[in-house]
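Before any comments, here is the structure.
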Amino acid sequence: MSFFKKLKEKITGTNETVTEKFKDGLTKTRDSFTSKVNDLVARFREVDEDFFEELEELLLQADVGVETVMELVDQLRWEVKRKNIKNTDGIQSVISEKLVEIYKAGEELDANLNMQDDLTVILMVGVNGVGKTTTIGKLAARLKEEGKTVMLAAGDTFRAGAIDQLVVWGERVGVEVIRQSEGSDPAAVMYDAIRAAKNRKVDVLICDTAGRLQNKVNLMNELEKVHRVIGKEIEGAPHEVLLALDATTGQNALIQAQTFKEATNVTGIVLTKLDGTAKGGIVLAIRNKLNIPVKFVGLGEGMDDLQPFDPEKYVYGLFAEGLEEEAWE
Amino acid sequence: MAFEGLAQRLQGTLQKIKGKGKISEADVKEMMREVRFALIEADVNLKVVKEFVKTVSERAVGQDVMKSLTPGQQVVKIVKDELTNLMGGEQNPIQFARKSPTVIMMVGLQGAGKTTTTGKLATVLRKRHNKKPLLVAADIYRPAAIQQLETIGKQLTLPVFSLGTDVSPVEIVRQALEEAGKEHHDVVIIDTAGRLHVDEKLMQELKDIQTLSKPDEVFLVVDAMTGQDAVNVAKSFDELLGITGVVLTKLDGDTRGGAALSIRSVTQKPIKFVGMGEKMDALEPFHPERMASRILGMGDVMSLIEKAQENVDEEKAKELEQKFRTQTFTLDDFLDQLQQVKKMGPLDEILKMMPGFNKIKGLENAQVDESQMGRVEAVIRSMTIAERTTPEIINANRKKRIAKGSGTSIQEVNRLLKQFEEMKKMVKQMTNMQQKGKKKMKMPGFDSFFR
């Protein structure tokens, strides 16, 4: 059975609308990427050096990064040799299989949130303008839908209007927001919020933080402190540290992931703004090199536009046309 | 720091051919391969990279390099020239309208930094051009976007025009222009909502705002960290609106900023400003030639000099020089100097602007520990005036007192005193050096600021 058919089976068993949503969000990505792959396959009937070179370029344009692309293409070369593949029919499945494989290299990681029996604390971190606050709003809506009681902590006390932004999301979703005034100590906000969350016995507390560029030592130290304060109040907390990454970001995302991981032990990534034309290919490298899994993807500005990340579906989204074609056989 | 990796990679490549008297076509080819990857890793768009590499190799394979006695230098020059070319020749100021008000429209993707840049731009216009700007809050979609602009307006004591979130952006802009006429504002800056370039409905809204307000400048605000997609974004916004310039934000991060090259070569529109921090005065003009130098690891000397001139008190500097000469340099002067350096901005940023700095082994990724500077300050401030001028008198008892007073340890006090001694020695060396010529220079006293 082909890879695509296996995928299809796997996916049809799951929620169709989610898959649709994923597909919709990835349409733009897919249109450009898949049509290019198809174009490539159509133009090259033979799998030769020229084919690999074009493939290389295709992946580079998806922000996958030089190192990962080289690795992938080398593996493909070997695979093609091993399986004695001469023409490009069916090469698509080999490509997507490899992409998933590269993504999954290393230990199997849980893509689900690490939920506790009592209070679960989630800390949201990232550079400026990647969509942390929006993601928190969407995540709160999602968890509430699942029947959890949720509370938000307005830890971005620096950026103008950031607290108000979270408060609006709180009203929209219908959850309480713990806040202090602009300019107050974010660690103090967290302390307050944890106290409040314990008192009200909520299931999940999601903590917002101010965006910061990872090369600002002082600001990263501040974030470390916030992380520490949370850990002091509840052992083992924060149970999840989610790094919001903008899908439009290029190779710097790898440095972001690395630095934030060092400071706050990031447990997962939320890949935002995937509804544009950007591919966010750098997550392959991040997963591969730093062992941080993508847990969610942001596919729009609506409340329900946050979806769990599934590498197979991600690749399926990239190669959906190929899938539908093969399904006809 | 922008482009750092690019510089390193190019330097590695050039190092390889440095020893050769002459380089072959194969050498050039290998080098260009490295240049290509370096540029891609710096997030320059692949197509732009290809064009660039083609031009550079043509010139490199051509006569200029082959015949040159210093092929390495020649290649550096070609690459630098081309980079400067690609990023747009000369600097471009803001285009003001003949008849007031000048209308500036800020557009871009979500999270690029439009609202922050709006505030920074208003600051520049008021400070350097003596204008009286009106800020228009036309982002009715993102929660609290209006509050954000209003807060910035309050910080800057600048008026912000807003009509809440229930009025259409086009109507907001229409009324804002009326208001500007009434209140005699000579510049109107419209802060639009972030949107995806593929969102047809919202892109049409931008077009409508443009048709109504006939802006003199349409600035595309782009995150410097943007990857390959930068070309698509820039192209879409440019095709629809005919952008007049680009503002590159978050360049104070450590991204290599290849997007600058991509956008410029795709749209042919100038990069007018770069965002260098979260403070309202952190907007600087874009200097392609400096950026190119920085890319090649030649150091951004011009920016450094400018920064120094802006922040260093000239009289104090002269005084200090005199003290250096006569060797009457005290701990007080040391403290003074520290503060001057601090005023210039984050130390690691300054150090990276210094030519050749990234060649010093082990310092490529030096992180300056600024809190260490604070401790040094505390130690000096806990000394008496006598101790500061003649540190020789500091005995064990005094050390104990100083450590206690500054909340540090005796070891730290010792370290500082030792550093100060070394620094004095270095100063002596340096003054001697000026006559004797080159001698290996070390930077004692500064070691402790690196981790």
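The values are calculated or read from the model by the stated rules, or taken from the named source; none is laboratory data. Predicted, not measured: the structure shown is a model, and the values here were computed from it. All Cβ positions, even for glycine, are placed from backbone atoms using ideal geometry, and neighbour counts span all protein chains on display. Heavy atoms of the whole protein, side chains included, go into the accessibility calculation; ligands, DNA and RNA do not. Shrake-Rupley method; radii C 1.70, N 1.55, O 1.52, S 1.80 Å.
One table, with the values for the structure above:
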| item | result |
| --- | --- |
| Residue, nearest to the other protein chains (Cβ to nearest Cβ), within the stretch B:227-247, restricted to residues that are outside any helix (DSSP H, G or I) and closer than 12 Å to B:E217 by Cα | B:V247 |
| Pairs with Cβ under 6 Å, 6+ apart, first in the stretch B:261-290 and closer than 15 Å to B:L83 by Cβ, second surrounded by fewer than 21 Cβ atoms within 10 Å (Cβ to Cβ) and of a type in the set (A, V, I, L, M) | B:L261/B:L86; B:S265/B:L86; B:R290/B:M302 |
| Criterion: assigned to a helix (DSSP H, G or I) and in contact with a Ser or Thr (Cβ under 9 Å, 6 or more places away or on another chain) - qualifying residue of A:V168, A:V202, A:V189 | A:V189 |
| Qualifying residues in the stretch A:236-273 (those that are hydrophobic (A, V, I, L, M, F, W, C) and part of a helix (DSSP H, G or I)) - the one surrounded by the most Cβ atoms within 10 Å (Cβ to Cβ) | A:A253 |
| From A:L254, A:L245, residue being in contact with a Ser or Thr (Cβ under 8 Å, 6 or more places away or on another chain) and closer than 30 Å to B:F37 by Cα | A:L245 |
| Any chance A:E222 is within 13 Å of another protein chain (Cβ to nearest Cβ), open to solvent by 30 Å² or more (accessible area, probe 1.4 Å) and within 20 Å of A:G126 (Cα to Cα) | yes |
| Failed criterion for B:T84 (all others in (1) at pLDDT 95 or above; (2) part of a helix (DSSP H, G or I) hold) | (1) |
| In the stretch A:169-182, the residues that are within 11 Å of another protein chain (Cβ to nearest Cβ), surrounded by fewer than 20 Cβ atoms within 10 Å (Cβ to Cβ) and either without any contact (Cβ under 8 Å) to a residue 12 or more places away in the chain or closer than 17 Å to A:D203 by Cα (or both) | A:E171 |
| Test: residue in the stretch A:198-210 that is under 17 Å from A:G126 (Cα atoms) and free of Cβ contacts under 8 Å to residues at least 40 places away in the same chain | no |
| Residue count, the stretch A:254-289 (criterion: modelled with pLDDT of 90 or more and more than 14 Å from every other protein chain (Cβ to nearest Cβ)) | 7 |
| Selection count where residues are closer than 15 Å to B:G108 by Cα and among the acidic types (D, E), scope the stretch B:173-228 | 6 |
| Residue, most open to solvent (accessible area, probe 1.4 Å), within the stretch B:369-402, restricted to residues that are free of Cβ contacts under 8 Å to residues at least 24 places away in the same chain and under 30 Å from A:L219 (Cα atoms) | B:S371 |
| Considering residues of the stretch B:154-172 that are in contact (Cβ under 8 Å) with a residue 40 or more places away in the chain and within 30 Å of the chain's Cα centre (by Cα) only, the residue most open to solvent (accessible area, probe 1.4 Å) | B:Q155 |
| Given (1) hydrophobic (A, V, I, L, M, F, W, C); (2) more than 8 Å from chain B (Cβ to nearest Cβ); (3) open to solvent by less than 10 Å² (accessible area, probe 1.4 Å), index of the condition A:L119 fails | (3) |
| Subset of the stretch B:114-136 [within 11 Å of B:V188 (Cα to Cα) and either of a type in the set (D, E) or not in a helix (DSSP H, G or I) (or both)] | B:K131, B:K132, B:P133, B:L134, B:L135, B:V136 |
| Any hit, the stretch B:173-196, residues being within 26 Å of B:A259 (Cβ to Cβ), open to solvent by 20 Å² or more (accessible area, probe 1.4 Å), assigned by TED's automatic domain parsing to the domain that holds B:I140 and modelled with pLDDT under 95 | yes |
| Those residues of the stretch A:183-218 which are on the phi > 0 side of the Ramachandran plot and within 14 Å of chain B (Cβ to nearest Cβ), in sequence order | A:G183 |
| Selection status of B:F96, away from chain A (no Cβ under 14 Å), open to solvent by 20 Å² or more (accessible area, probe 1.4 Å) and at pLDDT 95 or above | no |
| Verdict on B:I190 being touching a helix residue (DSSP H, G or I) at 6+ places or on another chain (Cβ under 8 Å), of a type outside the set (D, E, K, R) and more than 14 Å from every other protein chain (Cβ to nearest Cβ) | yes |
| Enumerated helices (runs of 4 or more DSSP H) restricted to the stretch B:143-225, each holding at least 2 residues that are among the small types (G, A, S) | B:145-156, B:169-183 |
| Residue within the stretch A:145-165 that is surrounded by 17 or more Cβ atoms within 10 Å (Cβ to Cβ), out of contact with any Leu (no Cβ under 9 Å at 6 or more places or on another chain), of a type in the set (G, A, S) and farther than 25 Å from A:L254 by Cβ present | yes |
| Considering residues of the stretch B:120-153 that are touching a Leu at 6+ places or on another chain (Cβ under 7 Å) and buried (at least 24 other Cβ atoms within 10 Å of the Cβ) only, the residue nearest to the other protein chains (Cβ to nearest Cβ) | B:L149 |
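Yes/no matrix, rows are residues, columns are (1) at pLDDT 90 or above; (2) within 14 Å of chain B (Cβ to nearest Cβ); (3) open to solvent by 70 Å² or more (accessible area, probe 1.4 Å):
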residue	(1), (2), (3)
A:T68	no, yes, no
A:Q75	no, no, no
A:N84	no, no, yes
A:I91	no, no, no
A:Y103	no, no, no
A:E108	no, no, yes
A:N112	no, no, yes
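Conditions tested, residue by residue: (1) open to solvent by 20 Å² or more (accessible area, probe 1.4 Å); (2) polar (S, T, N, Q); (3) not assigned by TED's automatic domain parsing to the domain that holds B:E82.
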site: B:K201; (1), (2), (3): yes, no, yes
site: B:E217; (1), (2), (3): no, no, yes
site: B:T267; (1), (2), (3): no, yes, yes
site: B:G277; (1), (2), (3): no, no, yes
